[in-house]
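Beneath this line is the structure, given in structure tokens, with notes to follow.
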Amino acid sequence: MTEDTAPENSTDIDLTSAAIKVDVATRYLADDSDPEDDKFVFAYTITITNQGDIAAKLLTRHWIITHGNGKTQEVKGDGVVGEQPLIKPGQGYQYTSGTVLETPVGTMGGSYQMVDEQGQQFDATIPDFVLSGPHALH
């Protein structure tokens, strides 16, 4: 499998009860892609770190995926990769998932809807990040 690694992006959400940091690393999956059929496959690894002093549970996700041709997709659902992790203070949760674009370059971003152990709901922002196939960006 051929992989290109993009720079990591991160954002911090600071609330009175939780401080959630989201880091993203992306990879282009050349072996799964078919550029002649406008199919560009990417994997992304998300690390969610609770930098606060109270546990928080990830309930749902909301993604906005933008292809290089301007087409957008919205994805909403429960949890991530079939789980709704409880992230304790000082701990993290990591998962890998993927997406398919029609173009060699695109972006993703969104938010996780979370609830802390005191019942306060909040959104943790997923920073916009670039998905880029080899030689697509100079």
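Here are some notes:
- Any chance Ala25 is more than 15 Å from the chain's Cα centre (by Cα), of a type outside the set (Ser, Thr, Tyr) and within 15 Å of Tyr93 (Cα to Cα): no
- Long-range neighbours under 6 Å by Cβ, at least six apart or interchain, first residue assigned to a helix (DSSP H, G or I) within the range 23-41, second surrounded by 17 or more Cβ atoms within 10 Å (Cβ to Cβ) and modelled with pLDDT of 95 or more: Asp32/Val41
Rundown of residues vs (1) more than 30 Å from Asp37 (Cβ to Cβ); (2) in contact with an Asp or Glu (Cβ under 7 Å, 6 or more places away or on another chain), yes/no style:
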| position | (1), (2) |
| --- | --- |
| Gln91 | yes, no |
| Gly98 | no, no |
| Glu102 | no, yes |
| Thr107 | no, yes |
| Gln113 | yes, yes |
| Gln121 | yes, no |
| Thr125 | yes, no |
| Val130 | no, no |
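- Residue within the range 119-133 that is without any contact (Cβ under 8 Å) to a residue 60 or more places away in the chain, of a type outside the set (Lys, Arg) and closer than 22 Å to Arg27 by Cβ present: no
- Any hit, the range 99-111, residues being polar (S, T, N, Q), farther than 23 Å from Ala19 by Cβ and touching a Phe, Trp or Tyr at 6+ places or on another chain (Cβ under 6 Å): yes
- Residue in the range 112-120 that is surrounded by 15 or more Cβ atoms within 10 Å (Cβ to Cβ) and of a type in the set (Gly, Ala, Ser) present: no
- Only a single item in (1) on the phi > 0 side of the Ramachandran plot; (2) touching a residue at least 12 places away in the same chain (Cβ under 8 Å) is not met by Pro85, and it is number (1).
- Test: residue in the range 65-80 that is out of contact with any Cys (no Cβ under 7 Å at 6 or more places or on another chain), at pLDDT below 95, assigned to a loop (DSSP other than H, G, I, E, B) and surrounded by fewer than 16 Cβ atoms within 10 Å (Cβ to Cβ): no
- Thr103 being surrounded by fewer than 16 Cβ atoms within 10 Å (Cβ to Cβ) and not hydrophobic (A, V, I, L, M, F, W, C): no
- Applying the criterion of being assigned to a strand (DSSP E or B) and among the β-branched types (Val, Ile, Thr) to the residues of the range 46-61, the residue that is farthest from Val22 (Cα to Cα) is Thr60.
The values are calculated or read from the model by the stated rules, or taken from the named source; none is laboratory data. Fair warning: this is a prediction, and the values are worked out from it, not measured in the lab. FYI the Cβ positions are ideal-geometry reconstructions off the backbone, even for glycines, and counts take in every protein chain you see.
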